[in-house]
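What follows is a set of notes on a single structure, which appears directly below.
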Amino acid sequence: KQWYQRRVAITAGEDSEPVTIDIGVKIETTPSDTNVVHGNKITLTCKADTSKTPTYKWKKGEKPISDANTNTYEYTSNIDDATSGAVEFTCEVTTTADGPSGSGTISISVAHFAISAVEFSPSVTHHNVDSTVTVKCTFGALDKEYDAALVDDSGDELDNKSVAKDDTEVSFDFEAKDSYDKKAVFCKVGTLKSTQSVTLQINYISTTGEKFYSFSDTDAVLTCTTSYETSEDISFLYDGGAISDSDVTTAKVTGQEAKLTIGSTKLSQYDTKTFTCQAKFSADSANFVKKEFVFIKKEKSTDCDSALIPLL
């Protein structure tokens, strides 16, 4: 805050009204000297206490800011300011060409970091469901301790941790879920979110449910659908072993769908058995994505006709 105002009352005579002459302007600037995280916005305010109509001009350092001619200025910190340290802003106020004037300054220190990269491990964005995904974010050295988080495009946190002063990177680990499919993932340090993101693509298999049913006189058919094209045919197991029965067949419909059919004559044999649908999404991957389900046979109910009882 800087004070530049003094008021003098002059009386010309007993019947005369006092005349107030402004010979200065009181300037109040807010906020006081402060820190701002790189990439964030802050509003600077300059308040002039004067009976005249004030005119405002803002300067950054010694350079006037074009079109900054009101009592507020919205500043967005940038990487140049982050590397140069404190930035000084000056609000200059005048009332008339030859009238009172004054100025106030605000000094802002910009946090010395920017999120420069978002890296996934493995580097491909395809990840098998329930696998652990590692995300590394790198940035310039921090000026203090911050809370860091891995967030998706809706703002939900997938993981969070603290990062210390002078740290230059942070790694997050989280378990991939099919609900993350096609979500963009960002790093966030303090209030600053990375402009870069990587879209997660999750390899998973969906079925009609964890159990499927069929009547005893009807073939049982279950369809397994994969989220993406597989590197080889989708296969089925039951009770952990291969299915060799000729009455249990599989048919690949497309690269993302397969059907398991159990003939009606074999339903009793497979009743309450656990089946597994499995697929590989990469030829060089040793890991299958699997989906288990249980087959349960159902019997059709029958209605008995009432017997005709003769009257005696």
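The values are calculated or read from the model by the stated rules, or taken from the named source; none is laboratory data. Just so it is clear, the model here is predicted, and its values are computed rather than measured. All Cβ positions, glycine included, derive from the backbone under ideal geometry; neighbour counts span all protein chains shown. When the accessible area is computed, the model is the full protein with side chains, heavy atoms only, and any ligands, DNA or RNA have been set aside. Shrake-Rupley method; radii C 1.70, N 1.55, O 1.52, S 1.80 Å.
Things to note:
- Taken along the Cα-to-beta-carbon direction at a fixed 7 Å, the label points for ALA141 and THR43 span 3.6 nm.
- Using a probe of 1.4 angstrom and keeping all protein chains present, the accessible surface of region 154-243 works out to 52 square angstrom per residue.
- Here the calculated FRET efficiency for THR195 and ALA251, from their Cβ-Cβ distance with R0 = 41 Å, stands at 0.30, rounded to the nearest 0.05.
- For ILE202, neighbours were defined as the other residues whose beta-carbon sits under 10 Å from its Cβ, and their charges (Lys and Arg +1, Asp and Glu -1) total 0.
- Counted residue by residue at 0.36 nm each, then reduced by the alpha carbon distance between them, the extension gain from THR105 to THR125 reaches 2.4 nm.
- Mean Cβ count within 10 Å, highest first, over the residues of peptides 278-285, 160-167: 278-285, 160-167
- Along region 162-174 the Karplus relation, 6.51 cos²θ - 1.76 cosθ + 1.60 evaluated at θ = phi - 60°, assigns HN-Hα couplings of 9, 10, 8, 4, 6, 5, 10, 7, 8, 10, 10, 10, 8 Hz to successive residues, with x for each Gly and Pro.
- A simple spin-label model places the labels of THR76 and LYS298 5.8 nm from each other, with each point 7 Å out along Cα-to-Cβ.
- Under the simplified labelling scheme, the THR53-ALA86 pair shows an inter-label distance of 3.7 nm, with each label point 7 Å from Cα along Cα→Cβ.
- Scoring 127-134, 63-70, 182-189 by mean Cβ neighbours within 10 Å over their residues and listing the highest first yields 182-189, 127-134, 63-70.
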